[in-house]
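*Asks:* What follows is a single structure, and I will ask about it in a moment.
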Amino acid sequence: MAVNTNVTPAIQFTDVEMTFDTRAGELIALQHVNLAINDHEFIAVLGPSGCGKSTLMRIVAGLLKPSAGTVSVHGENVVEPRDDIGIVFQKPTLLPWATLEDNVVFPMKHKFGRVTQEQRERAHELLKLVGLASLENRRPGRLSGGMQQRVGIARALLHNPDILLMDEPFSALDALTREEMGYELQNIWQEHRKTVMFITHSIVEAVLLADRIIVMSHGPGAHVAEDLRVPAPRPRTGDSMRLSEMQDLVSHLRDILMTKKVA
Amino acid sequence: MTATLTRVNRVPGLLPGLTFLIILVLWETSTRVFTIPTFLLPAPSRILEGFDAVTVSRWLAHAWATLRVAMLGFLTAIVVSLPLAIALTRFKLVSSGIYPLLVVIQSTPIVAVAPIIIVTMGSGDVSRVLITFMISFFPLVVSMTTGMKATPDELIELSHSLKAPAIREFTQIRIPYAIPYIFSGLKISVTLSVIGAVVAEFVAAEKGIGYFIQFSTSLFKIPQAWAGLGILVLMSLTLFQIIAQTQRYFFPWSLPRESK
Ligand SMILES: Nc1ncnc2c1ncn2[C@@H]1O[C@H](COP(=O)(O)OP(=O)(O)OP(=O)(O)O)[C@@H](O)[C@H]1O
Ligand SMILES: [Mg+2]
């Protein structure tokens, strides 16, 4: 791949290994993971269940320390959670007692103990961005899963992070909402150009959203098995999927994931 | 018919009120029809007369004595439970070291320990509050700990990823998350605190409703003992309702959907 070597990648994994102590003994989840993610790049991570995708993300987030190797963000070794990273979880897990606006500003309140007027205005803008401005004073109680996840995305964007980590953010949604959210995320990304690490189980979602797709091998000792560029131009629509090179990519991915050809 | 039933059900307190009234009527008539002796089961009308046995101010003094001990024990239980639950949630060592001990305390019949406590600690307020505390605090610790541990992992990870002060993980996430659990615990605990106060009065007291009931039965004044019992029930119900309404008013989001 034609990476300009003068530019430090946004995220770099160097020979990362992750071992867990489990009841059944040591579990080598990740081994020899090498990967560079460029600034403003949208990366999708695919891989068999339990291969260590979430673990990869937790290491970038500074929530887990790798057993060996290093992960650096903008050239700095990750030793603790950083301020320039936002996380969207699989389940939105909003605070049921707080309004949508309070949920979006929660990270600030939690970190600093108070929330400024500017941050509230920004929360308002973000809720507008995800199409929920009219509901900002409601509590999440009766919102649909899609709406809750929108709030989760707004919450992750509040401190304007350079890097957005998303761990299967749409997997709890129904198929239609899921597709809709995919397009919305693409719009948000085109507007804000964050570096995104997007974990998913959906090949179509990965192909539609990502610049590059990383396929992890089977665990234990999972590593990067394939690193594929997505050929279609942006913005991608349903029509992009009809391009023959896209269909080739999809069937190739289906092939390696379904037949467990990933070594 | 079903339509009327659902409409009846919608008026709060109507159905239980009606049931209670029917029971009272059945009770009154059966005591008269079968001429049940008063010391076995006094009729509701006789119990009502039992309220006249002492003056209103005496009743109030007895009720206050019981309520005071119950509330002091209940508050102590809250004050002790909260930090204990936080420690149980936060530190594995505390959890594995203390939890079994708590279960042992809970399995001990405090009613049997009460006389021992009175002997070692004297027959003052401290002993009574201690007995009440011991009877009422366990459900609180358990519910608080369960609630704090039920907090979704994602929120805790969010907290860690923000490098927020550890105390805020509790004040802003875990404790609010535990609110529904805490209120279930409070409801159980507050009624137990009345039981605790009465148990303490049975063992050593010279006032209080528990003392009054024991004193009355020893003189075979059964209707007034029943009247005392009625006051205890009323006290428990009121305390329970205060807790329930506090939750409804201040934490409406924590109620299950049907009961909103
Ligand atoms: N804290 C932990 N302690 C022990 N083992 C762990 C821990 N976290 C993850 N693992 C193990 O590491 C492996 C990778 O887990 P991880 O959650 O990263 O997989 P994943 O690819 O995200 O799976 P999924 O697609 O199901 O979300 C699994 O075998 C899991 O059981
Ligand atoms: Mg995962």
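The values are calculated or read from the model by the stated rules, or taken from the named source; none is laboratory data. Bear in mind that the values here come from a model prediction, so they are computed numbers and not experimental data. In this analysis, Cβ positions are derived from the backbone assuming ideal geometry, glycine residues included, and neighbour counts consider all displayed protein chains. Accessible surface is based on the protein model in full, side chains and every heavy atom, while ligands, DNA and RNA are left aside. Shrake-Rupley method; radii C 1.70, N 1.55, O 1.52, S 1.80 Å.
*Asks:* Here are some conditions: (1) under 30 Å from residue B:220 (Cα atoms); (2) touching a residue at least 24 places away in the same chain (Cβ under 8 Å). Residue B:84 meets all but one. Which one does it not meet?
*Replies:* Failed condition: (1).
*Asks:* I would also like to ask the following. Do any helices (runs of 4 or more DSSP H) entirely within the stretch A:37-154 hold 1 or more residues that are away from ligand 2 (no atom under 16 Å from the Cβ) and open to solvent by 20 Å² or more (accessible area, probe 1.4 Å), and if so, which?
*Replies:* Answer list for the stretch A:37-154: A:100-112, A:117-129.
*Asks:* What number of residues within the stretch A:186-202 are out of contact with any strand residue (DSSP E or B) (no Cβ under 7 Å at 6 or more places or on another chain) and away from ligand 2 (no atom under 15 Å from the Cβ)?
*Replies:* 7
*Asks:* Name every residue in the stretch A:105-135 that is of a type outside the set (A, V, I, L, M, F, W, C) and within 11 Å of chain B (Cβ to nearest Cβ), in order of residue number.
*Replies:* A:107, A:109, A:110, A:111, A:113
*Asks:* Scan A:156, A:222, A:206 and give me the residue that is within 14 Å of another protein chain (Cβ to nearest Cβ) and either closer than 21 Å to residue A:133 by Cα or within 16 Å of ligand 1 (Cβ to nearest atom) (or both).
*Replies:* From the options A:156, A:222, A:206, the qualifying one is A:156.
*Asks:* Conditions first: (1) over 15 Å from the mean Cα position of the chain (by Cα); (2) over 24 Å from residue A:17 (Cβ atoms); (3) open to solvent by 10 Å² or more (accessible area, probe 1.4 Å). Residue A:203 passes all but one, so which condition is the exception?
*Replies:* Here residue A:203 meets the rest and fails (1).
*Asks:* Give the residue, chosen from A:60, A:78, that is within 16 Å of ligand 1 (Cβ to nearest atom) and either among the hydroxyl-bearing types (Ser, Thr, Tyr) or in the same structural domain as residue A:176 (by TED's automatic domain parsing) (or both).
*Replies:* A:60
Yes or no, residue by residue, for (1) open to solvent by 80 Å² or more (accessible area, probe 1.4 Å); (2) under 18 Å from the mean Cα position of the chain (by Cα); (3) over 13 Å from residue B:139 (Cβ atoms):
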position	(1), (2), (3)
B:76	no, yes, yes
B:79	yes, yes, yes
B:82	no, yes, yes
B:88	no, no, yes
B:95	no, no, yes
B:102	no, no, no
B:113	no, no, yes
B:117	no, no, yes
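*Asks:* Still on this structure, I have one more. Looking only at the stretch A:63-82, decide whether some residue is touching a residue at least 12 places away in the same chain (Cβ under 8 Å), touching a Pro at 6+ places or on another chain (Cβ under 7 Å) and within 12 Å of chain B (Cβ to nearest Cβ).
*Replies:* yes
*Asks:* Just give me the residues in the stretch B:231-259 being in contact with a helix residue (DSSP H, G or I) (Cβ under 7 Å, 6 or more places away or on another chain) and either at pLDDT below 95 or of a type outside the set (Gly, Ala, Ser) (or both), in sequence order.
*Replies:* B:231, B:232, B:235, B:239, B:240, B:243, B:247, B:251, B:253, B:254, B:255
*Asks:* Considering (1) modelled with pLDDT of 95 or more; (2) facing another protein chain (nearest Cβ under 7 Å), say which one residue A:102 fails and leave the rest.
*Replies:* Only one criterion in (1) modelled with pLDDT of 95 or more; (2) facing another protein chain (nearest Cβ under 7 Å) is unmet by residue A:102, namely (2).
*Asks:* Let me ask something else. Can you say whether residue A:231 is within 20 Å of residue A:164 (Cβ to Cβ), assigned to a loop (DSSP other than H, G, I, E, B) and not small (Gly, Ala, Ser), as far as the supplied structure shows?
*Replies:* The answer is no for residue A:231.
*Asks:* Further question on the same structure: Can you pull out every residue in the stretch A:13-28 that is more than 13 Å from residue A:65 (Cβ to Cβ) and within 16 Å of ligand 2 (Cβ to nearest atom)?
*Replies:* Correct list: A:27 only.
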